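Scroll down for the structure; my scribbles are underneath it.
The values are calculated or read from the model by the stated rules, or taken from the named source; none is laboratory data. Note that the coordinates shown come from a computational prediction; the quantities given were computed from them, not determined experimentally. All accessible areas refer to the heavy atoms of the entire protein, side chains included, with ligands and DNA or RNA removed. Shrake-Rupley method; radii C 1.70, N 1.55, O 1.52, S 1.80 Å.
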Amino acid sequence: MSSVVAVRFAAGVVAESRRQTHLAAQPEGPFPAAWRTLCGIQIPSYVAEVSDHPAGMPCVRCMSRLPGSSEPELER
């Protein structure tokens, strides 16, 4: 995966409770028609806010799918 960007629905498109900040791979070429996030949802580019820095509530599923986590798993 190349660099990772933060993507979320723009204000007014969905309810505030659904405006989590998701993570997606930054494409090499032009912006895609829709951003496919690490948790599997697709956010159309015309309703997406894209940033290099996360803002707002993070998507836990996206965060758990980040590659290269060096934290050991908790014992259960």
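Please report the carbon-and-sulfur percent of the accessible area for the chain; probe 1.4 Å, protein heavy atoms only, DNA, RNA and ligands left out.
Carbon and sulfur together cover 55 percent of it.
Give me the tail of P(r) for region 4-64 as a percent: Cα-Cα pairs with distance above 13 Å.
For region 4-64, the share of Cα pairs beyond 13 Å comes to 57 percent.
Per residue, what accessible area does the chain have, given a 1.4 Å probe and all protein chains present, in Å²?
I get 72 Å² per residue for this part.
Restricting to bridges with both residues inside the chain, how much of the DSSP beta-bridge set is antiparallel, in percent to the nearest 5?
85
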